[in-house]
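The values are calculated or read from the model by the stated rules, or taken from the named source; none is laboratory data. Treat the numbers as computed from the prediction; the structure is a model and nothing was measured. Neighbour counts are summed over all protein chains in view; Cβ atoms, including those assigned to glycine, are modelled from backbone coordinates with ideal geometry.
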Amino acid sequence: MTSTGTVLVREVVRPVWTFGLGRASMEGLLRRRGEGLVRLTHVGAAPVVVAVAQPAPDHVVFAARAASEAAAREGIARMRHVVGVDDDLREFHERFRDDPVIGAAVRAYPGLRVRRTPTPWETLAWAITEQLIEFERAVLIQRRMVRALGPAWAGFRDVPPAHVVAAQAPALLESFGLAAKRALAMRRAAGEVAAGRIDWRAAAPASGPMPAAAFARLLAIREIGPWTVEMLALHGLGRLDVVPAGDLGYLELVGALHGKRVDVPEVREFFEPYAPYAGMAGAYLRLSRIPTRRPLRRAGTRSSMAPLPRAAA
């Protein structure tokens, strides 16, 4: 127990595959501290500050401060999910290290992970902000939402919880920069999440067909379509078999490989040989040296093509 009435819990993890921490997030929730990363998350209403560092290649140290040991350990579990330290990518690397398209990037960056968020709600909210606009503009919207509605503790802020977003007037959400239709979609999606009507467990098998029933309530909301739920599956639930095929970055990259404009089905077809690691292959495709009409930009929790707008809903 610390002097402030909180407990400090530490866990040392030995990665099952080559691992690197990656970057801080652009909206400011996941921060760089020294050689590590730190952020605030909430377990129910309980705030938890979680830090992760990698003092040596073969072990990663997590530390969490919270009011209870149970909350601290849940915070660590979430950070492990965020950075992907428990992902066993041996099979992926064995299969694709000599791939003619992504092989060079696979060999050069063996510790790459697909960055996730601590909760599926966070990915869903941010994906809605990223629809049909430049990534930089989406980040500004996210920062405004965090400043205005995100809970604060110990000098950190967290993503606004679903029940808080659901209670806001659409006009307030529009004031952050959201288009009117997406403000309504954000509010409705937050209401579904806050009411517990989204079954995250049913949506989160490691691989296999996307469970349509689990996403039915979200897909029934205007402005939420396949790209949004695929972003949710990959970055929120950790489904490495899913690729958001409608992302304009992938449309441009696959189009560059084919020497022509491509559509979403053609992007899906391109990633079929990488099953069940399409999402992982997508991360490496962004790092591959492929000539495109616009440069690739690394930013935040995900990569983004710039200055292109984001994909359709």
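Observations
Here's the yes/no breakdown for (1) outside the structural domain of MET79 (by TED's automatic domain parsing); (2) under 30 Å from GLY5 (Cα atoms); (3) modelled with pLDDT under 95; (4) among the hydroxyl-bearing types (Ser, Thr, Tyr):
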| residue | (1), (2), (3), (4) |
| --- | --- |
| PRO110 | yes, no, no, no |
| ALA127 | yes, no, no, no |
| GLU134 | yes, no, yes, no |
| ALA138 | yes, no, no, no |
| VAL146 | yes, yes, no, no |
| PRO151 | yes, yes, no, no |
| PHE156 | yes, yes, no, no |
| VAL159 | yes, yes, no, no |
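- The set of residues in the range 41-88 being more than 23 Å from PRO161 (Cβ to Cβ) and among the small types (Gly, Ala, Ser) consists of ALA53, ALA56, ALA63, GLY84.
- A count restricted to the range 236-253 and to residues that are assigned to a helix (DSSP H, G or I) and of a type in the set (A, V, I, L, M) stands at 3.
- Residue within the range 65-81 that is among the charged types (D, E, K, R), over 17 Å from the mean Cα position of the chain (by Cα) and closer than 30 Å to LEU257 by Cα present: no
- Scanning the range 30-40 for residues that are over 22 Å from PRO161 (Cα atoms) and part of a loop (DSSP other than H, G, I, E, B) gives GLY34, GLU35.
- Of the listed requirements (1) in a strand (DSSP E or B); (2) surrounded by fewer than 17 Cβ atoms within 10 Å (Cβ to Cβ), VAL16 misses just one: (1).
- Listing of helices (runs of 4 or more DSSP H) fully contained in the range 117-234 that carry 1 or more residues being within 18 Å of the chain's Cα centre (by Cα): 120-129, 135-149, 162-166, 180-194, 200-203, 212-219, 226-231
- Residue selected from the range 31-62 under the condition within 21 Å of the chain's Cα centre (by Cα) and small (Gly, Ala, Ser), by the criterion farthest from ARG116 (Cα to Cα): GLY44
Every residue, every condition in (1) at pLDDT 95 or above; (2) under 30 Å from ILE290 (Cβ atoms); (3) of a type outside the set (Phe, Trp, Tyr), yes or no:
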site	(1), (2), (3)
THR4	no, no, yes
GLY22	no, yes, yes
VAL52	yes, no, yes
VAL61	yes, no, yes
ARG65	yes, no, yes
ARG73	yes, no, yes
VAL85	yes, yes, yes
ILE102	yes, yes, yes
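- Residues satisfying the stated conditions in the range 192-202, i.e. surrounded by fewer than 17 Cβ atoms within 10 Å (Cβ to Cβ) and not acidic (Asp, Glu): ALA195, GLY196, ARG197, TRP200, ARG201, ALA202
- In this structure, GLY279 qualifies as of a type outside the set (A, V, I, L, M) and either in contact (Cβ under 8 Å) with a residue 40 or more places away in the chain or crowded, with 22+ Cβ neighbours inside 10 Å (or both).
- Checking ALA169 against (1) modelled with pLDDT under 95; (2) touching a helix residue (DSSP H, G or I) at 6+ places or on another chain (Cβ under 9 Å); (3) aliphatic (A, V, I, L, M), the condition it does not meet: (1)
- For the range 254-276, the tally of residues that are more than 27 Å from HIS81 (Cβ to Cβ) and either hydrophobic (A, V, I, L, M, F, W, C) or part of a loop (DSSP other than H, G, I, E, B) (or both) stands at 10.
- Boolean, THR41 is surrounded by 15 or more Cβ atoms within 10 Å (Cβ to Cβ) and either closer than 26 Å to MET231 by Cβ or in contact with a His (Cβ under 6 Å, 6 or more places away or on another chain) (or both): yes
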